[in-house]
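The next block holds one structure in the form of structure tokens; read it before the comments.
The values are calculated or read from the model by the stated rules, or taken from the named source; none is laboratory data. Being a predicted model, the structure only gives us computed values, none of them experimental. Ideal geometry is used to build each Cβ from the backbone, glycine not excepted, and the neighbour counts take in all protein chains shown.
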Amino acid sequence: MPSLLRHLVIVALMSMALIPASPAADSKPHRVAIQVDQNDPQVMNLALGNASNVIEYYRDKNQDVEIDIVAYGPGLHMLRADTSLAQDRIRRLKDMVFPGKIQFSACNSTKQGMEKAEGHAISILPDAIVVPSGVVHLMELQEQGWSYVRP
């Protein structure tokens with residue numbers, strides 16, 4: 001009987017080694033897509049504020065979070081190098097405050113339309129990536145389980 005008891009204790013101890021150290025260790029990362037479709041500094045600042053607040057909230061809980069701010073239509077001005085009123089704040093969020101936790105996605109369909117209407121090439125901020133379509137990008141993120149916010 002002592003052999004059986006020793007075996008059970010060993011099995012129990014080995015099983016405990018497989019239990020995560022904290023609830024955050026096995027939770028899936030939180031992911032949110034934030035839409036910006038208006039050329040309105042208040043909307044842009046609200047989106048950036050929402051992103052900051054979400055990141056801080058989950059950072060305090062020691063949990064991972066990913067943010068993708070998707071700009072299309074008139075909201076593309078947020079990510080245009082020549083018209084963005086938020087580029088300093090975007091740079092701080094991307095590079096200094098929250099490295100690797102936030103992405104800025106610029107709609108190429110909107111970019112091409114603006115280039116055609118304005119008759120010249122448009123530069124996107126270096127802190128942003130260009131996606132084929134902002135709306136399609138949002139749809140695909142939601143299909144992958146991302147939460148969606150429109151400020």
*Which one of these is in contact with a His (Cβ under 8 Å, 6 or more places away or on another chain), touching a residue at least 60 places away in the same chain (Cβ under 8 Å) and closer than 22 Å to HIS137 by Cβ: VAL54, VAL43, VAL65, VAL70?*
VAL70
*asked:* If I filter segment 122-147 down to residues being of a type in the set (A, V, I, L, M), assigned to a helix (DSSP H, G or I) and touching a residue at least 60 places away in the same chain (Cβ under 8 Å), which single residue comes out as farthest from THR83 (Cα to Cα)?
replied: LEU141
*Among residues belonging to segment 59-97 that are buried (at least 18 other Cβ atoms within 10 Å of the Cβ) and over 30 Å from HIS120 (Cα atoms), point out the one that is modelled with the lowest pLDDT.*
VAL65
*Lone unmet requirement of (1) surrounded by fewer than 17 Cβ atoms within 10 Å (Cβ to Cβ); (2) under 16 Å from TYR148 (Cα atoms) for PHE104*: (1)
*Please work out if GLN38 is surrounded by 13 or more Cβ atoms within 10 Å (Cβ to Cβ), touching a Pro at 6+ places or on another chain (Cβ under 8 Å) and not aliphatic (A, V, I, L, M).*
yes
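Within segment 47-58, track down each residue that is surrounded by fewer than 16 Cβ atoms within 10 Å (Cβ to Cβ) and not charged (D, E, K, R). Give the derivation first.
Taking segment 47-58 first, the residues surrounded by fewer than 16 Cβ atoms within 10 Å (Cβ to Cβ) are 49, 53, 56-57.
Within segment 47-58, GLY49, ASN53, TYR57 meet the criteria.
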*Breaking point among (1) under 19 Å from VAL130 (Cα atoms); (2) modelled with pLDDT under 95, for ALA24*: (1)
